[in-house]
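Structure record follows, encoded as structure tokens.
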Amino acid sequence: MKRPAGSLGNGTDSAPADTRLLAIAADQLKEFGPKHITVVGIADAAGMTHANVYRYFTNKAALIDAVAGQWLREMEATIADIADSPDPADDKLERLIQAWARVHRDLLKEDRHLFDVYCTATETSRPLVRKHRARMRQLIERVLDEGIVTGKFDPRDREKAHAFISDAVYRFINPLTVRLDAEVPQDILDQRLATMIRVVLRALANGSV
């Protein structure tokens, strides 16, 4: 999943001001971390006054949340592409979970500061995380319902089936647990996730949930 580019020399100088500010903030967050970036520094990089930044973002926290929110929306778009594909529901659910886990792991490796912002937002149940959870639930339910209609899945209870999916792969899609597994080799995590996906698909198909 692509991360927003931030330097003004890469074409963002022609973008809308809020887009430029987000890109610059994303780059500075990645390099310095949330404690060490300032609205003044971001404004300087954008070639504007810090007062002008406040026209778009009420404070530094709102700007950082916007960077995290942008990443979450990109992840949701990746998952939505899978949910909307023409493949069978069981195949889509497998690829969806794998992609969901992968983007978390990739962010942890590529941008630890943004990942930590995401973890803090999760711990405090910030609005951007609550909205993200709701959107992800809708995507999972879309695939689950498609599987029920097409006969790929035969759960006894739809709500319990959704809860079972979330519980089974929680370790791989929650940023707090992903961070705890930061030192676990990727191949081992992949094997564990593959095992849980097989359990999920089997349970949905045979009606054991």
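Every number here is computed from the coordinates shown, using simple stated rules; none is lab data. Keep in mind that what you see is a predicted model, and the values were worked out from it rather than measured. Backbone-built Cβ (ideal geometry, glycine too); neighbour counts: all protein chains shown.
Using Cβ point charges alone (K and R +1, D and E -1), the dipole size of the chain about the Cα centre works out to roughly 440 debye. Computed on the chain, with alpha-carbon pairs under 8 angstrom and 6+ residues apart, the relative contact order is 19 percent. Under 21 Å of direct C-alpha separation, and excluding same-chain neighbours fewer than eight residues apart, residue 30 reaches these lysines: 2, 60, 109. For helix 186-206, report the angle its Cα long axis makes with the longest principal axis of the Cα atoms of the chain; keep it between 0 and 90° and round to the nearest 10°. With rounding to tens, the tilt is 50 degrees.
With r as the distance between the Cβ atoms of residue 81 and residue 55 and R0 = 35 Å, compute the FRET efficiency 1/(1 + (r/R0)^6) and round to 0.05. That pair, residue 55 with residue 81, gives E of 0.55. Extension gain for the segment residue 195 to residue 36, taken as residue separation times 0.36 nm less the Cα-Cα distance, is 53.1 nm to one decimal.
Semi-axes of the equivalent ellipsoid of the chain: what are they in whole Å, largest first, if each equals the square root of 5 times a C-alpha gyration tensor eigenvalue? Mind showing how you got there, number by number?
Details: eigenvalues 275, 59, 41 Å².
Semi-axes (√(5λ), whole Å): 37, 17, 14.
By the rule of a C-alpha distance below 18 Å, with chain neighbours fewer than 8 residues away ignored, the aspartates and glutamates paired with residue 152 are 84, 87, 90, 91, 94, 141.
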